[in-house]
1. Could you give the length gained by full extension between Asp202 and His145, i.e. 0.36 nm per residue of separation minus their alpha carbon distance, to one decimal place?
2. Using a Gaussian network model of the chain whose springs link C-alpha atoms within less than 10 Å, name the residue from Glu47, Glu172, Glu82 with the highest mean-square fluctuation.
3. At 0.36 nm per residue, and after removing the present C-alpha to C-alpha distance, how many nm does the segment from Thr133 to Ala55 gain when stretched out fully?
4. Let me know the whole percent of all Cα-Cα pairs from the range 1-100 that are separated by more than 18 Å.
5. Please state the equivalent ellipsoid semi-axes for the range 78-122: what are the square roots of 5 times the Cα gyration tensor eigenvalues, largest first, in whole Å?
6. Treat every Asp and Glu Cβ in the chain as -1 and every Lys and Arg Cβ as +1, leave all other atoms uncharged, and give the resulting dipole magnitude about the Cα centre to the nearest 20 debye.
7. If you take the Cα Rg of the range 134-209 and divide it by 2.2 N^0.38 Å, with N the number of residues, what do you get?
8. Could you provide, to the nearest whole Å², the per residue accessible area of the range 145-209 with probe 1.4 Å?
Amino acid sequence: MKSSGDISSSVWLIGDSNPQGWSKELDVALDPKHPTRHSIWTPILNEIQGYAFSAGRRVDCSKIHIRNAISNHRLRPSTEAEWARLEKRLCSFRERFSRSRPKLILTFGGFAFEFCRRAIELPVENEKFKRYTSWTVKGLAKEFHERSSPPKTIVPLLHASIARGKFLDCHEAYTSSKTGNYFSHVGKILAERLLVHHENEDIWHFARE
C-alpha cells in the first residue's frame, strides 16, 4: 500500500499495517475510504483544526506524510529474534527519516510506536527494546504525555483499542479521568504543540485577510 503526502513534511503519520483483506481495494496507508482512519485519526484532527481555526489557520492535510510501518500484518514480530526480518524495513525508514528530518511523528498503536523507536531512537543508554505487545494503553499514554512536553519527535496515539470494547479504559488512561475524552484531550495537546512549536512549518493554510 502506497504512502501519501509530502515525504519532506515536518509531520508524519505512521500506521500499523495494511488492513486485512482490503489491500487491493485501497490506495494509500490510512486510506480515508477505510473506517479505521475515522476511528483513530479524524476525531483528533477535527480537534486540532478547531484550535487552529481560532488562530486563523488550518492544517493542510495534503502536506502530511502518511505511511504504514509494514505492509503485511503477519510480519509483526512476536519475539525479539523475529525483528531481524524487518531490518531492511527499519533501515529504509531510518534513511527516509535522515533525509527528511520530520519534527513530529505520530504513531498509531504499540507496534508502530516500537517500530519507530527501533528505527530512529534506539539503542541509547538506559533505553531498551520492547516487545510491541508489551506496550499497554497506559504505557502509551505515559509516553504520549512525556513526549509532548518537552516535545519529542515520536509521539504515540492509539490504534484499534480506542474503538473496541474497552474504549472507556482508553479514554481514562490518556486523560486520567473516568469522564475524560481521549480525542479532545490529545487533540488539544497536539494543537498547542503545532501552534507553538511548528508555527513556521509547511503544514498550514492561512485565513485570508
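1. That pair, Asp202 and His145, stretches by 18.1 nm at full extension.
2. Evaluated over the chain, the most mobile residue of the options is Glu82.
3. 24.2 nm
4. Numbers: 2719 of 4950 pairs.
So the portion of pairs separated by more than 18 Å is 55 percent.
5. Working: eigenvalues 71, 36, 10 Å².
Over the Cα atoms of the range 78-122, the semi-axes work out to 19, 13, 7 Å.
6. On the way: 33 positive and 24 negative charges, 82 e Å.
The calculation lands at about 400 debye.
7. Details: Rg = 14.3 Å, N = 76, 2.2 N^0.38 = 11.4 Å.
My calculation over the Cα atoms of the range 134-209 gives 1.25.
8. Roughly 59 Å² per residue, with all protein chains present.
The values are calculated or read from the model by the stated rules, or taken from the named source; none is laboratory data. Computed from a predicted structure; not experimentally measured. So basically every Cβ, Gly included, is an ideal-geometry build from the backbone, and we count neighbours across all protein chains shown. Protein only, heavy atoms only, side chains kept; ligands, DNA and RNA dropped before computing areas. Shrake-Rupley method; radii C 1.70, N 1.55, O 1.52, S 1.80 Å.
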